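The values are calculated or read from the model by the stated rules, or taken from the named source; none is laboratory data. This structure is a prediction, so every number in the text was calculated from the model and none was measured. We place every Cβ from the backbone using ideal geometry, glycine too, and count neighbours over all the protein chains shown.
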Amino acid sequence: MSLELECKLSIPSREEIAARLLHLGAVNGGDTLERNWVFDTADGRLRAAGILLRIRSTDNGAPPLLTVKKPAQAAEFKARDEVEIAISSAADGCAALEALGFSPWWYYEKRRQTWTYGDCRIALDLLPELGCFIEVEADTGDLIRELLQRLGMDARRHIADTYLGLFMRRLAERGEALREMRFA
């Protein structure tokens, strides 16, 4: 299990931040479409406890991942213990979780461009209906703040909410029920 420390900010476009990252000498790890299935018990026990159970697959040939994220810890940025396990296929992973009594209750897609800069891992995300975001992960808050400052961004404007939370808020503003978030 490892601690995931991340800072998420809304950005106007992935292209603008990608150009800044390139100028800094960051390394582009490519762009991929992610497909995510979020699981829970019938009574919503995992959600209520702040636990994420997810299967993620990508179109870049990487093995699908089974991810468990524990509840967020009190910290300047979002900090969660996380376990990720490579699995043979998303379908087999989903079937295994369903056999254990979990059900998929939300599906979402995102386009993710990954970058590295020193000890920082950067994701430039595009999500249907939500727009563009940067997520910076590092072992310390100092590294995150330093990179964001170099990019001309203010770490104090970080978003603590998950993409699910942001999407649910957007739907509530429109009076809509939760539904899949996918590209047309």
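Among the residues of region 141-184, just one is among the β-branched types (Val, Ile, Thr) and modelled with pLDDT under 95, namely Thr162. Taking the numbered list (1) in contact with a helix residue (DSSP H, G or I) (Cβ under 9 Å, 6 or more places away or on another chain); (2) in a loop (DSSP other than H, G, I, E, B) in turn, Ser88 passes all entries but (1).
Quick check on Ala74: is it surrounded by 16 or more Cβ atoms within 10 Å (Cβ to Cβ) and either farther than 20 Å from Phe167 by Cα or under 17 Å from the mean Cα position of the chain (by Cα) (or both)? Talk me through it step by step, then tell me what you get.
Details: surrounded by 16 or more Cβ atoms within 10 Å (Cβ to Cβ): no; either farther than 20 Å from Phe167 by Cα or under 17 Å from the mean Cα position of the chain (by Cα) (or both): yes.
No: the conditions fail for Ala74.
With respect to the conditions (1) of a type in the set (A, V, I, L, M); (2) surrounded by fewer than 14 Cβ atoms within 10 Å (Cβ to Cβ); (3) closer than 18 Å to Asn28 by Cα, Ile85 falls short on a single one, namely (3).
Tell me, please, whether a residue that is closer than 20 Å to Asn28 by Cα and out of contact with any Phe, Trp or Tyr (no Cβ under 6 Å at 6 or more places or on another chain) can be found in region 96-110. Spell out how you get there, then give the answer.
Of all residues in region 96-110, those closer than 20 Å to Asn28 by Cα come to 110.
Still in the running and out of contact with any Phe, Trp or Tyr (no Cβ under 6 Å at 6 or more places or on another chain): 110.
Yes - at least one qualifying residue is present in region 96-110.
Beta carbons closer than 9 Å, at least 6 apart along the sequence or on distinct chains, pair a first residue in region 49-78 that is on the phi > 0 side of the Ramachandran plot with a second that is of a type outside the set (S, T, N, Q) for Gly50/Lys69; Gly50/Lys70; Gly50/Pro71; Gly50/Ala72; Gly50/Arg80.
Of all residues in region 30-50, those being within 22 Å of Pro128 (Cα to Cα) and surrounded by 13 or more Cβ atoms within 10 Å (Cβ to Cβ) number 9.
Residues in region 92-126 that are among the acidic types (Asp, Glu) and within 18 Å of Thr67 (Cβ to Cβ) were compared, and the one that is surrounded by the most Cβ atoms within 10 Å (Cβ to Cβ) is Asp125.
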